Amino acid sequence: MNNFRYIKNIADGEGTICLYSQIGDSIDADGNYQIGISGSAFANELLWLQQNCSLINVRINSIGGSVIDGYSIVSAILSSKVPVNTYIDGLAASIAGVIAVAGKKCYMMDYGTLMVHNPSGGDDKNVLSLIKDTLVTILTNRSGCTPEEMDQMMNKETWLNAKQAQEKGLVDEIISSGKKVKIKKKESLENMVLIYNKVINTDKKMDKVTNLLKLSNDASEDSVVSAIEALNAEKAKLAEENEALKNELEAYKKEKEEKEKSEKESLETEAAALVNKAEADKKIKAEEKAAYLKQASASREGLEFVKNVFDKISNVKQAEKIFKGSTGVVNKGERADWTIRDWEKKDPKGLAELKNSTPELYQDMYNAFYKK
């Protein structure tokens, strides 16, 4: 059990796995790396539970996150060989809501919230449209909504309480908690998760006290003390695990920074060598070096772009050499104005050299004559 990240309990052939964080890793507004729930790690743990349990419960309180990791989780749930029920313990927003409805049966706390909206991120509209279509399919197959209705719900970002979610057919049963949870209008998703976590953690602590004491009206003082000590020990263990995770995150960030620094230094070295060689080969002037160096050292793409520019400069010089011919001077009345047909008749060898050294120029000449 200590090797698992998300499995929280196994008892009487029933396993529980919790999604109480964002789905997938991310970078926050301050540039800090946030570790989230890995789709592949979840799938592996769910597969292990299938081999050891006859029923699996997935409990959710999440703002959503990465669609890719979410797809892995949904796929793992839908392909499970044993029944997988889902529980919305607090918030199931965005891809977390899609994960919730993937359960064989979906339960929702009476104070819970479910939200659906359009996928976002990236500039490729075709990819986003394809992702939305798949999400609409998953949500429609679970609910009583038509694809058109679900499409509209996602377009306007729809928030549903437990009763509304059940009416839409997105959840099967509502669990009565006897609690009232107040969420302010326009509350951030992160704060909603924190609010729900307080309720969830309170319920967990009470369950543990109940299990430890098997509470009765005549519980002894020693048993109460033992239960409290057990809870304090668990609290200390959680604090230790949290500190270990913080250290792991710091180590990861440091490793990432060192790698980025090394890659940047390597890129700057390559860029400098490329630009210096271009100057030495008289492809560029000294006063042009700074601009090319800035472009080439900005990114790998920038370096490739500058390489291509320098290659074309070489090709232009080669083309000029061919145009000059044996006289060494470009004759405006002859070669400079030749069509490809003129080259074929008067200097086929020069045309072949032109085609090899400057294929783009050759193609332009070919199109100008033969594709009028």
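Odds and ends about this structure:
- Within segment 98-127, if we keep just the residues that are touching a residue at least 60 places away in the same chain (Cβ under 8 Å) and among the small types (G, A, S), the residue that is nearest to K179 (Cα to Cα) turns out to be G112.
- Some residue of segment 265-273 being at pLDDT 85 or above, more than 30 Å from L351 (Cα to Cα), of a type outside the set (F, W, Y) and in contact with a Phe, Trp or Tyr (Cβ under 6 Å, 6 or more places away or on another chain): no
- Set E157, E190, E148: member being exposed (fewer than 13 other Cβ atoms within 10 Å of the Cβ), closer than 15 Å to A96 by Cα and either modelled with pLDDT under 80 or over 25 Å from the mean Cα position of the chain (by Cα) (or both): E190
- Of the residues making up segment 41-52, those that are surrounded by fewer than 21 Cβ atoms within 10 Å (Cβ to Cβ) and touching a residue at least 12 places away in the same chain (Cβ under 8 Å) are A41, A43, E45, L47, W48, Q50, N52.
- Given (1) under 19 Å from R59 (Cα atoms); (2) in a strand (DSSP E or B), index of the condition W159 fails: (1)
- Of all the listed residues (I174, I138), the sole one being assigned to a strand (DSSP E or B) and at pLDDT 75 or above is I174.
- First in segment 140-169 and under 16 Å from P119 (Cα atoms), second anywhere and in a loop (DSSP other than H, G, I, E, B), Cβ under 6 Å, 6 or more apart: M154/H117; M154/N118; E157/H117
- Of the helices (runs of 4 or more DSSP H) that lie entirely inside segment 306-372, those containing 3 or more residues that are more than 52 Å from the chain's Cα centre (by Cα), more than 30 Å from L293 (Cβ to Cβ) and modelled with pLDDT of 70 or more span 340-346, 348-357.
The values are calculated or read from the model by the stated rules, or taken from the named source; none is laboratory data. Only a predicted model underlies this, so the values are computations on that prediction, with no experimental measurement involved. Cβ coordinates were reconstructed from backbone atoms using ideal geometry, including for glycine residues, and neighbour counts include every protein chain displayed.
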